[in-house]
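Student: Take a look at this one; I'll ask things after.
The values are calculated or read from the model by the stated rules, or taken from the named source; none is laboratory data. Here the structure is a predicted model, which is why all the values come from computation and not from measurement. Cβ placement follows ideal geometry from the backbone for every residue including glycine, while neighbour counts extend to all protein chains displayed.
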């Protein structure tokens, strides 16, 4: 999966869609939002990114932070699934959205 995830960071593959920049760690609310868009359970996400289910529960609830490696892995997992995780900037707040049209 990591190989596919890395290729999704290419702007040419996203056909002009903004590519999320992992300048800041992903937050628990961003993770929940991305999961909701994909209709994934925590168990689904845990299986996809190989982060323990309990770690994801605690992270999303704000009880712990992720290591930078795990945070990057989450962003890449969501990116490969067609979800961009965006940080707050002058154009809007932090969140998650589809980066390509859904079928």
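Student: If you check every pair at least six apart or on different chains, which have Cβ atoms under 7 Å apart with a residue in the stretch 76-103 that is over 26 Å from residue 50 (Cβ atoms) first and a residue that is part of a loop (DSSP other than H, G, I, E, B) second?
Tutor: 88/94
Student: Within the stretch 34-53, can you find the residues that are part of a helix (DSSP H, G or I) and surrounded by fewer than 12 Cβ atoms within 10 Å (Cβ to Cβ)? Walk me through how you get there before you give the answer.
Tutor: Taking the stretch 34-53 first, the residues part of a helix (DSSP H, G or I) are 34-38, 42-49, 53.
Answer for the stretch 34-53, where residues must be part of a helix (DSSP H, G or I) and surrounded by fewer than 12 Cβ atoms within 10 Å (Cβ to Cβ): 36, 43.
Student: Then there is this: Just the residues that are under 10 Å from the mean Cα position of the chain (by Cα) and touching a residue at least 60 places away in the same chain (Cβ under 8 Å), please, taken from the stretch 32-53.
Tutor: Across the stretch 32-53, the qualifying residues are 33, 34.
Student: For residue 62, indicate whether it is at pLDDT 90 or above and closer than 13 Å to residue 27 by Cα.
Tutor: yes
Student: Quickly run through the stretch 54-69 and pick out the residues that are over 14 Å from residue 32 (Cβ atoms), surrounded by 11 or more Cβ atoms within 10 Å (Cβ to Cβ) and either without any contact (Cβ under 8 Å) to a residue 12 or more places away in the chain or in contact with a strand residue (DSSP E or B) (Cβ under 8 Å, 6 or more places away or on another chain) (or both).
Tutor: From the stretch 54-69, those over 14 Å from residue 32 (Cβ atoms) are 54-55, 64-65, 67-69; that's our starting set.
Filter once more, so that each one left must be surrounded by 11 or more Cβ atoms within 10 Å (Cβ to Cβ): 54-55, 64-65, 67.
Selection gives 54, 64, 67.
Student: Identify the single condition in (1) within 21 Å of residue 100 (Cα to Cα); (2) at pLDDT 95 or above that residue 54 does not satisfy, given that it satisfies every other one.
Tutor: That leaves (1) as the condition not met.
Student: Among the residues of the stretch 86-101, are any over 11 Å from the mean Cα position of the chain (by Cα), at pLDDT 90 or above and either part of a helix (DSSP H, G or I) or crowded, with 19+ Cβ neighbours inside 10 Å (or both)?
Tutor: yes
Student: Suppose we filter 20, 25, 29 for residues that are under 22 Å from residue 88 (Cβ atoms), in contact with a helix residue (DSSP H, G or I) (Cβ under 7 Å, 6 or more places away or on another chain) and at pLDDT 80 or above; which single one remains?
Tutor: 25
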